[in-house]
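The values are calculated or read from the model by the stated rules, or taken from the named source; none is laboratory data. As the structure is a computational prediction, the values presented were derived from the model and not from experiment. When we count neighbours, we look across all protein chains shown, and the Cβ atoms used for this are built from the backbone with ideal geometry, even at glycine.
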Amino acid sequence: MEIQVAQWCGEILETADFRDCMLVDVVVSGHRKIEVYLDSDTGMTFQKCQQFSRVLEGMIEASSQFDEKYVLEVSSPGPKRPMKQLRQYPKHIGRTLEVRMKDGRTRKGVLQSVTEEGITLEVMLNTEKKKKKEKGLEEIPFSEIEHAVVTFPF
């Protein structure tokens, strides 16, 4: 079912109203709950989520593939959901990311740049003097990233 919902979302995203948006994730729980997470280059608004939801709801109902009493939730991924697409990274330049590597390591630093191949973080590096740390740049290829989330100081 997720594949079908993702296909419908793809069709909607090709329309002029949603060209600045991208599908981040689709989660279907049984035949009753459908969660769609969208992100945007210009920022997701409640109105844009609502508009997308109405179009998607029409497609779902026309298909008769879900129970009559389904729940559809369309929202932005929120700060705690991992980034899944390269296109999500540039708007977070200057923010702190926590990056979980495929080998289990975790890196935390300020996102400095994004390329097609990976990201560059400003991280704290250990120096030869044990108590002193210096800022340095670390390049991390996308092929080594399991997931990355924006962290916010509280």
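The set of residues in the stretch 106-118 being part of a loop (DSSP other than H, G, I, E, B) and surrounded by fewer than 11 Cβ atoms within 10 Å (Cβ to Cβ) consists of GLU116 alone. Scanning the stretch 69-103 for residues that are under 14 Å from VAL149 (Cα atoms), in contact (Cβ under 8 Å) with a residue 24 or more places away in the chain, surrounded by fewer than 16 Cβ atoms within 10 Å (Cβ to Cβ) and hydrophobic (A, V, I, L, M, F, W, C) turns up LEU86, MET101. The requirement of being farther than 27 Å from GLU146 by Cα, touching a residue at least 24 places away in the same chain (Cβ under 8 Å), surrounded by 16 or more Cβ atoms within 10 Å (Cβ to Cβ) and under 19 Å from the mean Cα position of the chain (by Cα) is not satisfied by PHE66. For the stretch 56-73, the tally of residues that are in contact with a strand residue (DSSP E or B) (Cβ under 8 Å, 6 or more places away or on another chain) and more than 14 Å from GLY30 (Cα to Cα) stands at 4.
Being touching a helix residue (DSSP H, G or I) at 6+ places or on another chain (Cβ under 8 Å) and among the small types (Gly, Ala, Ser) holds for only one residue in SER29, SER53, SER64, SER40, and it is SER40. Considering the conditions (1) closer than 30 Å to VAL99 by Cα; (2) acidic (Asp, Glu); (3) touching a Phe, Trp or Tyr at 6+ places or on another chain (Cβ under 9 Å), ASP17 is excluded by exactly one of them, (1).
Quick check: anything in the stretch 34-56 touching a residue at least 60 places away in the same chain (Cβ under 8 Å) and not polar (S, T, N, Q)? No; the residues of the stretch 34-56 include none that is touching a residue at least 60 places away in the same chain (Cβ under 8 Å) and not polar (S, T, N, Q). The residues listed here are GLU61, GLU146; of these, the one that is surrounded by 11 or more Cβ atoms within 10 Å (Cβ to Cβ), in the same structural domain as VAL27 (by TED's automatic domain parsing) and closer than 28 Å to MET1 by Cβ is GLU61.
Within the stretch 52-71, being hydrophobic (A, V, I, L, M, F, W, C) and within 18 Å of TYR37 (Cα to Cα) holds for PHE52, VAL55, LEU56, MET59, ILE60, VAL71. Consider the stretch 50-63 and keep the residues that are at pLDDT 95 or above and of a type outside the set (A, V, I, L, M). The one that is nearest to GLN85 (Cα to Cα) is PHE52.
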